[in-house]
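Encoded as structure tokens, the structure appears first; notes follow it.
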Amino acid sequence: MAVRRKEADTMEIIKGGVTAAKGFEAAAVAAQIKYQGRTDMALIYSEKPCKVAGTFTTNVVKAAPVRWDRQIVENKQKSQAVIINSGIANACTGVEGMMYCQETAKEAAKVLGIEEAGVLVGSTGVIGMQLPIDRIKAGISELAKVKKAGIESGTEAAKAIMTTDTKKKEVAVQFQIGDKTVTIGGMAKGSGMIHPMLAFITTDAVISRKALQKAMSNDVEETYNMISVDGDTSTNDTALLLANGMAGNKKIKKGTPEFEVFQEALHYVNETLAKMMAGDGEGATALFEVKVVGAKTKEQAKTLAKSVVCSNLTKAAIAGHDANWGRILCAMGYSGAKFDPEKVDLYFESTAGKLQIIKDGTAVDYSEEKATEILSQEKVTATADLKAGEAEATAWGCDLTHGYIDINADYRS
């Protein structure tokens, strides 16, 4: 990703994830929540209490962990720990599901010696099943024993929150605020039902609570909310940002140059994780990126780009390496955004080259063989130029293969 403001020119991509920032530790254990023979619980822990920002699912059906965490964010509670399990989503579980969130927080507070009111929780997996709370509690005790700092523990935590994901998702960056080095790191999971799924970001920045929430809320619209695997919005979608202030920098406030630098670094982390999630969609073989340029407004561009990445017909065409551009124009047409289809230019691009497919809404004389070659790569970009203005937006998705059906036809078993 190109850094968009020169204030962030000092940003450096580093190894690591949620443990890259000062004072953060992590752990992973096999608690046998649903999966056998693999880790399925993770802990993120901070030496010092953190300010917390969060964004949550727009689905009316909200999982118990979503309601629990949103309460903590809205009440401006500080937090020192996040407990996450994979395998069971703790969604549609009624009063018992909320009670299990409380029992999780109580157990974490006891074994970690922290405040119960700020313990965050996250769950992912099958909807409708109750958590095996005894296993959860035993897992928390074990997590407390093995938690540690270092890149490896963060990576293990990223692996533990996977469900149908095929690879762990983590990233970290460093940048300067005055004479202090500030770090932001994160991990995520999401393979199906993502807008997004789960993302956990940590930073050692000294930053006001308002600036922290503003940065996260702003950036979610440009990153996580611009991805889709299957068009479904999960009951558990959660993105949390924790700041413990251990970098010792001058406090970052909204509307300052330092806030712009922080926001740019956060954007890189969020966009990277978002693209990892989109490219690792269930059954996917390719990351499908859609750019809409030359739009009248940002909102018009975002609506059109998101409509294309959500189109199952388009996604199936990408899976078949078929330059069926009519499906893209069709998806743009039913998006609800107004545009002139007779002005649209469309290009396909990948590591195999770039090819114009249509000009002013009709096909040009392009090579089907070259188009197939371009569409056969691991990342494919479709760029639609509306030639109506200066606004643009990008959305990310993946191709739709038989593998998606194979995974979801028997997901509960």
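The values are calculated or read from the model by the stated rules, or taken from the named source; none is laboratory data. Just so you know, these numbers come straight off a predicted model, no measurement behind them. Heads up, the Cβs are rebuilt from the backbone with ideal geometry, glycines too, and the neighbour counts pull from every protein chain shown. Side chains included, ligands, DNA and RNA excluded: accessible areas come from the protein's heavy atoms. Shrake-Rupley method; radii C 1.70, N 1.55, O 1.52, S 1.80 Å.
Data for the structure
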read-out: Qualifying residue in region 202-213 (condition: out of contact with any Ser or Thr (no Cβ under 8 Å at 6 or more places or on another chain), of a type in the set (S, T, Y), more than 20 Å from M276 (Cβ to Cβ) and surrounded by fewer than 24 Cβ atoms within 10 Å (Cβ to Cβ)); value: yes
read-out: Residues of region 1-45 that turn out to be β-branched (V, I, T), under 21 Å from K147 (Cα atoms) and modelled with pLDDT under 95, as a count; value: 1
read-out: Residue pairs meeting the criteria (Cβ under 9 Å; at least 6 apart or on separate chains; first closer than 26 Å to N90 by Cβ, in region 195-223; second part of a helix (DSSP H, G or I) and among the charged types (D, E, K, R)); value: T223/E271; T223/K275
read-out: In region 242-295, the residues that are β-branched (V, I, T) and assigned to a helix (DSSP H, G or I); value: V261, V269, T272
read-out: Every residue from region 376-392 that is surrounded by fewer than 18 Cβ atoms within 10 Å (Cβ to Cβ), assigned to a strand (DSSP E or B) and among the small types (G, A, S); value: A391
read-out: Leading residue by the ranking (nearest to M129 (Cα to Cα)) among those in region 21-35 that are open to solvent by less than 30 Å² (accessible area, probe 1.4 Å) and not in a strand (DSSP E or B); value: I33
read-out: Selection within region 156-180 - of a type outside the set (S, T, N, Q), over 19 Å from the mean Cα position of the chain (by Cα) and over 14 Å from A21 (Cβ atoms); value: G178, D179
read-out: Restricting region 225-267 to residues that are of a type in the set (V, I, T), open to solvent by 10 Å² or more (accessible area, probe 1.4 Å) and at pLDDT 95 or above, the residue that is farthest from N90 (Cα to Cα); value: T256
read-out: Cross-chain or 6+ apart pairs with Cβ under 7 Å, region 109-137 first and touching a residue at least 40 places away in the same chain (Cβ under 8 Å) and over 14 Å from C92 (Cβ atoms), then small (G, A, S) and in a helix (DSSP H, G or I); value: L112/A144; E115/A109; V119/A105; V119/A108; V119/A109; V121/A105
read-out: Residue tally, condition buried (at least 16 other Cβ atoms within 10 Å of the Cβ) and β-branched (V, I, T), over region 58-100; value: 8
read-out: Residues within region 32-79 that are under 13 Å from V119 (Cα atoms) and among the acidic types (D, E), tallied; value: 1
read-out: Residue count for region 36-50, restricted to those that are in a strand (DSSP E or B), in contact with a helix residue (DSSP H, G or I) (Cβ under 9 Å, 6 or more places away or on another chain) and either among the hydroxyl-bearing types (S, T, Y) or buried (at least 24 other Cβ atoms within 10 Å of the Cβ) (or both); value: 6
read-out: Candidates A274, A295, A286, filtered to the one that is over 30 Å from A363 (Cβ atoms), in contact with a helix residue (DSSP H, G or I) (Cβ under 8 Å, 6 or more places away or on another chain) and not charged (D, E, K, R); value: A274
read-out: Enumeration of residues in region 299-353 that are β-branched (V, I, T), open to solvent by 30 Å² or more (accessible area, probe 1.4 Å) and assigned to a loop (DSSP other than H, G, I, E, B); value: T351
read-out: Residues of region 108-132 that turn out to be closer than 23 Å to A199 by Cα, in a helix (DSSP H, G or I) and either open to solvent by 20 Å² or more (accessible area, probe 1.4 Å) or aromatic (F, W, Y) (or both), as a count; value: 3
read-out: From the options K159, K145, K137, residue that is part of a helix (DSSP H, G or I), more than 19 Å from R67 (Cβ to Cβ), open to solvent by 10 Å² or more (accessible area, probe 1.4 Å) and touching an Asp or Glu at 6+ places or on another chain (Cβ under 6 Å); value: K137
read-out: Among (1) assigned to a helix (DSSP H, G or I); (2) open to solvent by less than 60 Å² (accessible area, probe 1.4 Å), the one test that E373 misses; value: (2)
